[in-house]
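Participant: The structure's right below; bear with me while I get my questions together.
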Amino acid sequence: MDNKFAIDLQQVHLSLEGNAGPVDILHSIDLQITQGSSCALVGPSGSGKSSLLMVMAGLEQATSGRVTVLQEDISAMSEAELAQFRRGRVGVVFQSFHLIPSMTALQNVATALELAGQPDPFDRARDKLSALGLAHRCDHFPKQISGGEQQRVALARALAPNPKLVFADEPTGNLDAANGASIVDSLFTLTREQAETTLILVTHDIQLAQRCDQIIDLRDGRICESTDA
Amino acid sequence: MIALKIAQRELIAAWRERLHGFRILMLCLIFGIASISAIGSLRGAIDAGLNSNGRVFLGGDAEIELTYRLANAQEVAWMTGQSLAQSQIIDFRSMAVAPATNKRLLTQIKAVDSVYPLVGAVTLSDDLSLPEAFAGRDGLPGAILAPALLRRLKITLGDQVQFGQKNFVVMATLLKEPDNFGNFALGPRSLVLTKDLEGSGLLAAGTLFSSKYRLLFEDGSQLGKAQQRFDKDWPGTGAKWKDARKASPGADRVIERMSRFLILIGLSGLVVGGIGVSAAVRAFVAKKTGHIAVLKTLGATPGQIFWIYTIQITVYTGLSVVLGLLLGALTPFAARPFLPGNLAEVALISIYPSALIEAAVYGCLAAAIFSIWPLAQTEHIRPANLFRGGATAQWPARRYLIVQGALLAAALFGAVQFSGSWSMTFWLLGGIALSLLILAFISGAFQFALRRIMRGSAFQRQLPLRAAFSALASGSERTGSVVMGIGLGLTVLAAVGQIDGNLRRSITQSLPDKAPSFFFLDIQSTQLPEFNQRLAENPAVRNVETAPMLRGLVTKINDRPAAEIGGDHWVLRGDRGISYADGLPEKTKITAGQWWGAGYSGSPQISFAAEEAEEIGIGIGDQLTLNVLGRDITATITSLREVDFSTAGMGFVILLNEAALRGAPHSHIATVYAEASAEIPILDELNQAFPNVTGIQIREAAALVTGVVSSIASAASIGALATLITGFLILIGAAAAGTAQRAYESAILKTLGATQREILTSFALRSAMIGALAAGVALGAGLLGGWAVSHFVFENQFEIIWINAALVILGGVGLTLITGMLFALGPLSKSAATELRHRD
């Protein structure tokens, strides 16, 4: 194949332990996402979208099946190997931002760069924050800034190491329409600026999904439809 | 009462959750209350034992003690007329010699009559009775020796022992001597019949001995009246009265002071527990912010909210008090097998309500004082906090501060009342409060400094370090509570260790450099020239000082009772060594007044020790009445002298002119400075030449004193450990409370690519830093305390005891590190996805 796949899932199954026994979250997922493209995961609540995103990001180990990310099989990697793998390659933006509360905005972003082993992490972090209009918030803690600003810091953190893969789990879920739109615009703009960066996002917003190259519709842990936008 | 109903509902819910969130609060209180009630109960047990067995410990209903002499005929007639039975005991120091090996040892001889003991029973080995033991064998009278004496002289039953110039046969081992409770002696006990000492050369005129006359009254309950008759009929005799109401005042005083001291240390544990209570209540209120905001939205008033949560805290406090008292009351029962021999015999283990009440009062006050501030914060929670997160901490309203102030004043008042000593309470609790303030300040300064340091780019390269610093600086690790909690316990441990170590060092290391090798007592005037000659001929002897020695009691100052002027000063308590001199003794420095001059024979004059004179409040021109051998001598203070007791050498507080004591029977004492290797031969030679002379080896006496000091230090250290354990509970509470935060932080760092090792390193660093901070401050405070006590109280050179310092640092760091790591493994093992999913 000429088109390299950023993500290649084969017969991926995910089962998690619940209070009443194991719960099957994902069933026999076969999925390929081309490198440099954008993909939206849509579906009703509880369909397994976030779980699928976690598996692809290496944050959740599939129960069975094969998960190949950026041409590497991560199915059998240990926690430490996965952590090393994520450095500089994977950026994640969460619905609830998930910034480290005891670190400033600058430190939150710099931490990602530092782990990625990139030089001058603080200068780069400052540049990224400035690019997102947050130069004046560098020394503020998460509790000192608004939700929209927190999400932009999270975005800066995810994108600063120039990762090849960017995952966004309902990035606008906790934001108002204006902030949400701004975040989405920044997300698409910045990922497109970076060559061969693949964007995978989970969303309930159809309009947002339609901005992506590929839409994957999940129901009850299975892919019921995969369309190219 | 809506508040009561809502509080009840919340209590039931908390009970279903097995009091999650309140366990540390309760444990802190339980432990503090249990410590105080256990100490109080034990003290009550010992007091009850002493009071109910007063006759046995005294050996009679009453005792009249004379120093240096026996009762005269008139005094004997008085005692015979006033009591049903009497028994005479003569108590003095001497040397016990094993004739076969010539080994000699200091012993405290108790010479008794055939009536002894009037009350109680002495227990001997082999079930021998006293008459059987005293009967002796092979024409030699019998002696009874303490096990330690037999062991150190390396003799057994049936062997001979020599006292003075007379041999005895050892008939039995002394197993139990009830009338010796609480008496401190330099040598182990020997028991003989007084009449058997005839011909021994001991008890010559001028020998230092005390004679005790035990009395049995027809009505043992009228001791107060008996004492009144004694006070009326025995004025100016120098005799001392003791009765079964307070059989062992010396021991009583020591036990009283030790227990008060330990209770105050126990209070420090409760103060630390209070910090734990405050932290737990704060966390509780923070957790309930949303709940409180909803209640206010529904119309609950701030007062109702306050009472809802105060009622709950009161219930937990009540439960803790009950459990703490139960534990404390039962502790003496459990501890009985481990009590030292003497105390185990005395203590009447039972439930002592006053001790429990004291502990309960302290516990309730501590809980109230430390929980009122966070409870008052509920007033600042607004319904808007539902949308904008928790309320920021503010100062409580004035009325809460007033109540807290009143509670603090009540606690201080209670502490003074219960301890009976405002000065001890002030110094100890003041020290605790100061230590806490310093710890809190240092903790705050540390966090401030961290925030400044973190801005430096050079520092920021190390992720684990930065993550640790940022967590500490943000306050999410509850640095303040933890530092104060374990810091105070470590401070007390450090202070006790430094003081104890320096005191022992001065006794065992620097004292031998300046102290004499020996004190020799009971040297008769006729023996003195030969005594001095023998020592002068010995090249190993560096110096010899001699002085005449009598004992006397200061009965009046300026014609008023001495205690009225000088209070409870040690010089006025009991009889003192008194000497006389004609010319100014060598190396004596007069600091005020004038020496009487050689050959002076006018009215009696006194040269008094300057420091002690200042403490008592007397000076040049004041008149002292001394009772010496039953006679009153009134003399005027005409000079003050510098006397340095720290050298353990010759030093008399009171010196009279020679003429004042002319004709009074007395002996001489000598201090001998010799090379260590020559000490035993010198002792052997002098004791053989002068069997009546007692030699006290300072090295051995110092070891005995060191043992006593160590026991006190151990007791204080145990008290400090109790405080440290409470601090440890706070540490556990903080670590447990931080688990969720650490799990969250761990999940985020994992998404960014941090390995478990890097995250664990960060957790370890923050724990170690908190421990190092607490230990560092504690050590500083301990060194300062140690220096202050060494310099101002013992007037010694202070040196850092490095072992103690290292233990404090290692202890602080180790404790926090191990606890931190134990509570880090859980958060670290959680899957990042699971954790983040829960948060979304």
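The values are calculated or read from the model by the stated rules, or taken from the named source; none is laboratory data. Because the structure is a prediction, the values reported are computed rather than measured. Don't worry about glycine lacking a Cβ; one is built from the backbone with ideal geometry, like all the others, and counts go over all protein chains shown.
Participant: Within the bounds of the range B:576-585, is there any residue that is in a loop (DSSP other than H, G, I, E, B) and in contact (Cβ under 8 Å) with a residue 24 or more places away in the chain?
Facilitator: yes
Participant: Same structure, new question: Sort through B:A747, B:A754 and tell me the only one that's outside any helix (DSSP H, G or I), within 14 Å of chain A (Cβ to nearest Cβ) and buried (at least 20 other Cβ atoms within 10 Å of the Cβ).
Facilitator: That would be B:A754, the only listed residue that is outside any helix (DSSP H, G or I), within 14 Å of chain A (Cβ to nearest Cβ) and buried (at least 20 other Cβ atoms within 10 Å of the Cβ).
Participant: Condition test on A:R157, is it more than 13 Å from chain B (Cβ to nearest Cβ), touching a helix residue (DSSP H, G or I) at 6+ places or on another chain (Cβ under 9 Å), assigned to a helix (DSSP H, G or I) and within 25 Å of B:A473 (Cα to Cα)?
Facilitator: When the stated conditions are applied, A:R157 does not pass them.
Participant: Which of the residues spanning the range B:106-123 are surrounded by fewer than 20 Cβ atoms within 10 Å (Cβ to Cβ) and either closer than 14 Å to B:E177 by Cβ or out of contact with any Phe, Trp or Tyr (no Cβ under 9 Å at 6 or more places or on another chain) (or both)?
Facilitator: Answer for the range B:106-123, where residues must be surrounded by fewer than 20 Cβ atoms within 10 Å (Cβ to Cβ) and either closer than 14 Å to B:E177 by Cβ or out of contact with any Phe, Trp or Tyr (no Cβ under 9 Å at 6 or more places or on another chain) (or both): B:D113, B:V115, B:P117, B:G120, B:A121, B:T123.
Participant: Can you find even one residue in the range B:128-142 that is among the aromatic types (F, W, Y) and touching a Lys or Arg at 6+ places or on another chain (Cβ under 9 Å)?
Facilitator: Looking for residues that are among the aromatic types (F, W, Y) and touching a Lys or Arg at 6+ places or on another chain (Cβ under 9 Å), one finds none in the range B:128-142, hence no.
Participant: Scan the range B:342-358 and report the pairs whose first residue is in contact (Cβ under 8 Å) with a residue 24 or more places away in the chain and whose second residue is of a type in the set (A, V, I, L, M, F, W, C) and surrounded by fewer than 16 Cβ atoms within 10 Å (Cβ to Cβ), with Cβ atoms within less than 6 Å and a gap of 6+ or a chain change.
Facilitator: B:I349/B:F333
Participant: Restricted to the range B:361-401, and to residues that are at pLDDT 80 or above and in a loop (DSSP other than H, G, I, E, B), which residue is surrounded by the most Cβ atoms within 10 Å (Cβ to Cβ)?
Facilitator: That would be B:P396.
Okay, residues lined up against (1) buried (at least 18 other Cβ atoms within 10 Å of the Cβ); (2) within 26 Å of B:I39 (Cβ to Cβ):
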| residue | (1), (2) |
| --- | --- |
| B:G303 | no, no |
| B:F306 | yes, no |
| B:L323 | no, yes |
| B:P332 | yes, yes |
| B:A335 | no, yes |
| B:A344 | no, yes |
| B:Y352 | yes, yes |
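Participant: Now for a different question. Just one of the numbered conditions (1) in contact with a Ser or Thr (Cβ under 7 Å, 6 or more places away or on another chain); (2) crowded, with 24+ Cβ neighbours inside 10 Å is not true of A:T63; which one?
Facilitator: For A:T63, the failing item is (2).
Participant: Hey, among the residues in the range B:467-477 that are crowded, with 21+ Cβ neighbours inside 10 Å and out of contact with any Ser or Thr (no Cβ under 8 Å at 6 or more places or on another chain), which one's modelled with the highest pLDDT?
Facilitator: B:F469
Participant: What are the residues in the range A:16-50 that are crowded, with 16+ Cβ neighbours inside 10 Å and of a type in the set (G, A, S), if any?
Facilitator: A:G36, A:S37, A:S38, A:A40, A:G43, A:S47, A:G48, A:S50
Participant: When you go through (1) over 30 Å from B:G663 (Cβ atoms); (2) of a type outside the set (A, V, I, L, M); (3) at pLDDT 85 or above one by one for B:P512, which number turns out not to apply?
Facilitator: With (1) over 30 Å from B:G663 (Cβ atoms); (2) of a type outside the set (A, V, I, L, M); (3) at pLDDT 85 or above applied to B:P512, the lone miss is (3).
Participant: Whether any residue in the range A:93-108 is away from chain B (no Cβ under 12 Å) and either charged (D, E, K, R) or over 20 Å from the mean Cα position of the chain (by Cα) (or both) is what I want to check.
Facilitator: No; the residues of the range A:93-108 include none that is away from chain B (no Cβ under 12 Å) and either charged (D, E, K, R) or over 20 Å from the mean Cα position of the chain (by Cα) (or both).
Participant: On to the next question. What residue, of B:A736, B:A715, B:A764, B:A740, is modelled with pLDDT of 90 or more, surrounded by fewer than 19 Cβ atoms within 10 Å (Cβ to Cβ) and either more than 14 Å from chain A (Cβ to nearest Cβ) or part of a helix (DSSP H, G or I) (or both)?
Facilitator: When all the criteria are applied, what remains is B:A764.
Participant: Hey, another quick one. When B:I12 is evaluated against the numbered criteria (1) assigned to a helix (DSSP H, G or I); (2) within 30 Å of B:L550 (Cα to Cα), which criterion, by number, is the only one it fails?
Facilitator: Condition not satisfied by B:I12: (2).
Participant: Which residue, of A:D73, A:D123, is facing chain B (nearest Cβ under 10 Å), at pLDDT 90 or above, over 24 Å from A:H204 (Cα atoms) and surrounded by fewer than 17 Cβ atoms within 10 Å (Cβ to Cβ)?
Facilitator: None of the other options fit; the residue is A:D123.
Participant: Let me ask something additional. Looking at the range B:404-424, is at least one residue free of Cβ contacts under 8 Å to residues at least 24 places away in the same chain, surrounded by fewer than 17 Cβ atoms within 10 Å (Cβ to Cβ) and within 14 Å of chain A (Cβ to nearest Cβ)?
Facilitator: Looking for residues that are free of Cβ contacts under 8 Å to residues at least 24 places away in the same chain, surrounded by fewer than 17 Cβ atoms within 10 Å (Cβ to Cβ) and within 14 Å of chain A (Cβ to nearest Cβ), one finds none in the range B:404-424, hence no.
Participant: Return the residues of the range B:536-571 that are of a type in the set (A, V, I, L, M) and more than 30 Å from the chain's Cα centre (by Cα); say none if nothing qualifies.
Facilitator: Hits for the range B:536-571 are B:A536, B:A540, B:V541, B:V544, B:A547, B:M549, B:L550, B:I557.
Participant: Still on this structure, I have one more. Between A:V42, A:V92, which is under 21 Å from A:V153 (Cα atoms) and touching a His at 6+ places or on another chain (Cβ under 9 Å)?
Facilitator: Only one candidate qualifies: A:V92.
Participant: With the requirement that a residue be among the polar types (S, T, N, Q) and away from every other protein chain (no Cβ under 14 Å), what does the range B:788-840 give you?
Facilitator: Those that are among the polar types (S, T, N, Q) and away from every other protein chain (no Cβ under 14 Å): B:S790, B:N796, B:Q797, B:N804, B:T816, B:T819.
Participant: Where the second residue is at pLDDT 90 or above and the first is of a type in the set (V, I, T) and lies in the range A:121-147, which pairs have Cβ atoms under 6 Å and are six or more apart or on separate chains?
Facilitator: Close Cβ pairs satisfying both conditions: A:I145/A:R137.
Participant: Hey, another quick one. Kindly provide the set of residues from the range B:435-455 that are within 11 Å of chain A (Cβ to nearest Cβ) and modelled with pLDDT under 80, ordered by number.
Facilitator: Hits for the range B:435-455 are B:R451, B:M454, B:R455.
Participant: Restricting to the range B:660-686, name every residue that is surrounded by 20 or more Cβ atoms within 10 Å (Cβ to Cβ) and either of a type in the set (S, T, N, Q) or within 25 Å of B:A536 (Cβ to Cβ) (or both).
Facilitator: B:H666, B:S667, B:H668, B:I669, B:A670, B:T671, B:V672, B:A674, B:I682, B:L683, B:L686
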